[in-house]
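The values are calculated or read from the model by the stated rules, or taken from the named source; none is laboratory data. In this text the structure is predicted, and so the values were computed from the model without any measurement. Cβ coordinates were reconstructed from backbone atoms using ideal geometry, including for glycine residues, and neighbour counts include every protein chain displayed.
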Amino acid sequence: MDLFSFAYEQEDAGKLKPLAARMRPKSIEDVLGQEHILGPGKLLRRAIEADRVSSLIFYGPPGTGKTTLAKVIANTTRSCFVELNAVTAGVADIRKVVEEAKERLVMEKRRTTLFVDEIHRFNKAQQDALLPYVEEGTIILIGATTENPYFEVNAALLSRSQIFPLHPLSEQDLRRVIERALNDRENGLGELRITIEPEAVDHLIRYAEGDARRLLNALELAATTTPYGPDGTIAITLDVAVESIQRRAVRYDKDGDNHYDTISAFIKSIRGSDPDAALYWLARMIDAGEDPRFIARRLIIAASEDIGNADPQALGVAVACFQALELIGMPEGRIPLAQATTYLATAPKSNAAYLGINRALAKIQTDGHKPVPVHLRDRSYRGAARLGHGEGYLYPHDYPDGYVAQQYLPDGVDDRFYHPKEIGYEKEIRARQASRSKRQEG
């Protein structure tokens, strides 16, 4: 095989990669979203541009750019960039990378950046094998994970790394992802004559749920499986988009406000204690193809905002409904949705907890953060006792009824934020609070 044939084969192989891989940004300027860590002047952006990246861990949902950021760093760093996938790599692979990194550092005076995808899948022994070399600077570690690293990654590795959360891409970012893919003639779909209905774009974005990879995979499937029409174009309609992303289109009126109006009517019917109306609006949303998880999330909010401690079981019912829905899916999921809806609609109502947190936040925003009273401070760490922390604290369990009057709010704050109502279980809470207030005054 001559050099030119090899070059052509490499180019063809590149075109066979999925659209999401071909469209992966190569520079920091091309990355969409994540302004909270990549905006002008932000720490990570400055570190990448200056090639001063230390050990990092990126975590967030799929398709938010964790691997993309690692590739961007690979394109900009002067260090040697090595990749491992935690699913397939073992301790032997780590040791090989470390030995090569040591040799490179001595022979070439060049550091090694190791990117570990899905780092949460490394067990403790594998993570421990990395630790001394990260600590001494033999390797710069970049880990990517969809799991919370504070639970899944060795605490010692975490302490030597900067943690950057990545967020789902916004609707605006996803629209730009589609535009780039449709216009890019080299890596995207620009060579194809594609027309796409606005409703199809909206549907793809809605059900991509902030995941650029899912969006591009669906767009590519739509474009490559739809035949050219009589006018020589590939027309991606709403029906094509529905098939490509495997999610039913929501059938509301063309006025997009109908989606918000219907969920508003649903929540207000629950708040108004009308189970029949609540079931009607629930049925409307199910028939329209509304995302059932969206409905379940709103039930959880309503359980705390509109019912609260008037019936503390309401939150448990709503959360159980969401979990049941995740387990069984639709159409059977309509049954726990209906159960939770009717329970919440017929439950006693109180927004006292909701109003209470709003009052407390308003107080803090007005007065700032007051110091924690000395007797409430933690005395478990070294030196705390010498500072007098915890002195004078009264342990409630040492007193009758598990209650003793003492100061819990900071000095200068004597507001009451929570006002339980004479409704449901809050009636008992109100009586108990009144009794304690009398004892405190006495």
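Here are the numbers for this structure:
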read-out	value
Test: residue in the stretch 201-212 that is farther than 18 Å from residue 63 by Cβ, in a loop (DSSP other than H, G, I, E, B) and out of contact with any helix residue (DSSP H, G or I) (no Cβ under 8 Å at 6 or more places or on another chain)	no
Candidate set from the stretch 288-304 (those that are surrounded by fewer than 16 Cβ atoms within 10 Å (Cβ to Cβ) and assigned to a helix (DSSP H, G or I)); member that is farthest from the chain's Cα centre (by Cα)	301
For residue 330: the one exception among (1) part of a helix (DSSP H, G or I); (2) surrounded by fewer than 18 Cβ atoms within 10 Å (Cβ to Cβ)	(1)
Top-ranked residue of the stretch 387-422 - restricted to ones that are charged (D, E, K, R) and outside any loop (DSSP other than H, G, I, E, B), ranked as surrounded by the most Cβ atoms within 10 Å (Cβ to Cβ)	401
Candidate set: the stretch 197-228, residues that are touching a strand residue (DSSP E or B) at 6+ places or on another chain (Cβ under 7 Å) and surrounded by 21 or more Cβ atoms within 10 Å (Cβ to Cβ); chosen: the one farthest from residue 289 (Cα to Cα)	222
Qualifying residue in the stretch 368-388 (condition: within 24 Å of residue 267 (Cα to Cα) and polar (S, T, N, Q))	no
Of the criteria (1) closer than 18 Å to residue 413 by Cβ; (2) part of a loop (DSSP other than H, G, I, E, B); (3) among the hydroxyl-bearing types (Ser, Thr, Tyr), which one residue 366 fails	(2)
Boolean, residue 57 is closer than 28 Å to residue 185 by Cβ, among the β-branched types (Val, Ile, Thr) and either assigned by TED's automatic domain parsing to the domain that holds residue 113 or buried (at least 19 other Cβ atoms within 10 Å of the Cβ) (or both)	no
Elements of type helices (runs of 4 or more DSSP H) contained in the stretch 62-151, each with 2 or more residues being under 25 Å from residue 168 (Cβ atoms)	66-76
Condition met for residue 220 (in a loop (DSSP other than H, G, I, E, B) and over 17 Å from residue 171 (Cβ atoms))	no
Residue satisfying all of: in the stretch 65-98; within 19 Å of residue 47 (Cβ to Cβ) and among the small types (Gly, Ala, Ser); nearest to the chain's Cα centre (by Cα) among these	65
Counted residues, the stretch 147-160 - those being surrounded by fewer than 15 Cβ atoms within 10 Å (Cβ to Cβ) and of a type in the set (Val, Ile, Thr)	0
Residue in the stretch 416-430 that is in the same structural domain as residue 309 (by TED's automatic domain parsing), β-branched (Val, Ile, Thr) and touching a residue at least 60 places away in the same chain (Cβ under 8 Å) present	no
